[in-house]
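*Asks:* The structure's right below; bear with me while I get my questions together.
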Amino acid sequence: MSSLADAAAQADALAEDGSERELSQLRAQWDDELEAQARAGDFRDRAVAYRAIGQFRFRTKRELLRRGLDDDSPAVRGSALLALEKLSRDHPGDVNDVRPLLHEIVTHDGNEAVRRLAVAALKNGSARPDTIQILRSLGDDDEQPRELREAAAKVAQLLRRKGGPK
């Protein structure tokens, strides 16, 4: 296989098919490369590595993923958020573990797309009142970009239905 991106795409397909043994073998084969690429100087390499964490369903890389959420590059933060969203679909605790950081990204990140990805990740966490309030406030704030307002309002409503405050 030629690149981490190719291996990650294959890993994603294996995970979707439920091929756990093959996925585990692929993880073992690419573990060191993923770690090295996540520390690369070029943001594009780091972005591929952080996105691959989700594609590989690499639950053991959650601490590394947290570093990606703090990266200087919006592309890397976005890739880390995509991975977090994918990992947290069946494990809401992954979102809950980084909730304060996600709140910070949603409200203060300088990149609108990164903020929307953080909103998307929050939908997989538990329905906490502080999260719902932040999302409702964003959804009601006419100063915010329309797509961000719409995403925040939609996720706030989803979390309320999931069991949060009305």
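The values are calculated or read from the model by the stated rules, or taken from the named source; none is laboratory data. Predicted model only: the values in this text are computed from it and were never measured. Ideal geometry is used to build each Cβ from the backbone, glycine not excepted, and the neighbour counts take in all protein chains shown. Ligands, DNA and RNA are excluded from the accessible area calculation, which covers all protein heavy atoms including side chains. Shrake-Rupley method; radii C 1.70, N 1.55, O 1.52, S 1.80 Å.
*Asks:* What is the percent carbon and sulfur in the accessible area of the chain, measuring with a 1.4 Å probe over the protein chains and ignoring ligands?
*Replies:* That fraction is 46 percent.
*Asks:* Let me ask you something else. Hey, with R₀ at 25 Å, roughly what FRET efficiency would R161 and H91 work out to, going by the Cβ-Cβ distance, to 0.05?
*Replies:* With a Förster radius of 25 Å, E is 0.80.
*Asks:* Along each principal axis of its Cα atoms, how long is segment 51-100 end to end? Whole angstroms, biggest number first, please.
*Replies:* Between the extreme Cα coordinates on each principal axis of segment 51-100 lie 28, 25, 15 Å.
*Asks:* Just the number: Rg to Rh for segment 109-166, Cα atoms, Kirkwood Rh, two decimals.
*Replies:* Result: Rg/Rh = 0.95.
*Asks:* If I histogram all Cα-Cα distances within the chain using bins 5 Å wide from 0, what percent of pairs lands in each bin?
*Replies:* That works out to 1, 10, 19, 20, 17, 14, 10, 6, 2, 0, 0, in percent per bin.
*Asks:* Would you compute, for the Cα atoms of segment 1-81, the largest minus smallest coordinate along each principal axis and list the three values in descending order, in whole Å?
*Replies:* 35, 22, 17
*Asks:* Excluding ligands, DNA and RNA, what is the solvent-accessible area per residue of the chain at a probe of 1.4 Å, expressed in Å²?
*Replies:* With the other protein chains kept in place, the chain gives 51 Å² per residue.
*Asks:* Can you give me the Rg/Rh ratio for segment 76-121, using Cα atoms for both radii and the Kirkwood formula for Rh?
*Replies:* Working: Rg = 9.6 Å, Rh = 10.3 Å.
For segment 76-121, the value is 0.94.
*Asks:* So if I restrict to the alpha-carbon atoms in segment 1-48, what is the Rg, and what is Dmax, the biggest pairwise distance, in Å?
*Replies:* Values for segment 1-48 (Cα only, Rg and Dmax): 11.3, 34 Å.
*Asks:* Quote the FRET efficiency, to the nearest 0.05, computed for S24 versus A113 with a Förster distance R0 of 35 Å and r equal to the Cβ-Cβ distance.
*Replies:* My answer for the efficiency is 0.60.
*Asks:* Within a Cβ distance under 12 Å of R146, other residues only, what is the Lys/Arg minus Asp/Glu net charge?
*Replies:* Overall, the nearby charge balance is -4.
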